[in-house]
Amino acid sequence: MWAAKYIKNTRKVQKDMHNKIADNIDELKGHFSDDVLTLTGKSLEGFGSIKEKLSWMLFVDGCSLLHIMDTAKLHEPGQMNIKLDQRNLVMIDVVLLENQLPYEVLKLLWKDNNENELIMTMKNFLGCHLWATPDNKRNQRWRRNQETSNMVPDRKGKEQHSVLIMNESETPTHLLDITHLLDLYRNIILGTSKPKVE
């Protein structure tokens, strides 16, 4: 249902979208452990091979996830056409580790080539539906600093310049190597650190 809605909203041809996954299935298979692939391959009913089955699974699940992230907004609860309590369960289900899809799948199925928009959609989804993150707090602190003068009084009452310095763990998320939605969320919460160089 949600996959079909996503495909309709993108105005792309379903076969072309599926072919993007099928053409990259060897690379995408590398994101899964052998035991997952073995379990997936145990029942090939209706499919010619494990690659065909996996490509269809990733296609349908990827389109569904993109639709959920794009439409599950707190201020517009009717867009998903489900009850509020059901929507909340879907939101929780989306971030479970066992439900993560490789970021490459989402990138291949995204409605256009604007990867920054995809990442912003992912971040907006996480920010809207999950608890506050350090990233949100940083943004609020930055906005407050921008709204007020960058002059602050020192201990003697004289004004001096105030500078907000981002530490190395505050690397912009679009520069990170994202593997899936939960990984993006982990990076937002924990930040990243550069390896120590001795």
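The values are calculated or read from the model by the stated rules, or taken from the named source; none is laboratory data. Source: prediction; values computed, not measured. Here the Cβ is made from the backbone with ideal geometry for all residues, glycine too, and neighbour counts use every protein chain on show.
Given the condition touching a residue at least 12 places away in the same chain (Cβ under 8 Å) and more than 20 Å from A4 (Cβ to Cβ), answer yes or no: does some residue in the stretch 79-93 qualify?
yes
If a residue has to be over 14 Å from L181 (Cβ atoms) and not in a loop (DSSP other than H, G, I, E, B) to count, how many in the stretch 75-120 make the cut?
15
Scan the stretch 10-42 residue by residue and report those that are loosely packed, with under 14 Cβ neighbours inside 10 Å, assigned to a helix (DSSP H, G or I) and either touching a Phe, Trp or Tyr at 6+ places or on another chain (Cβ under 7 Å) or among the polar types (S, T, N, Q) (or both).
Result: T38, single match.
Consider N116 carefully, then state whether it is surrounded by fewer than 11 Cβ atoms within 10 Å (Cβ to Cβ) and among the polar types (S, T, N, Q).
So N116 fits the description; yes.
Residues R155, R138, R143: which one is more than 30 Å from T10 (Cα to Cα) and either modelled with pLDDT of 55 or more or in a loop (DSSP other than H, G, I, E, B) (or both)?
Checking each option against the conditions leaves just R155.
Pick from the stretch 121-132 the residues that are closer than 20 Å to V90 by Cβ and outside any helix (DSSP H, G or I): which of them is modelled with the lowest pLDDT?
Looking at the filtered set, the residue picked out is W131.
Here are some residues: L84, L54. Which one is more than 23 Å from N187 (Cα to Cα) and at pLDDT 85 or above?
L54
Going through W56, W2 one at a time, which residue ends up being at negative phi and either touching a strand residue (DSSP E or B) at 6+ places or on another chain (Cβ under 7 Å) or in contact (Cβ under 8 Å) with a residue 40 or more places away in the chain (or both)?
None of the others qualify; the one that does is W2.
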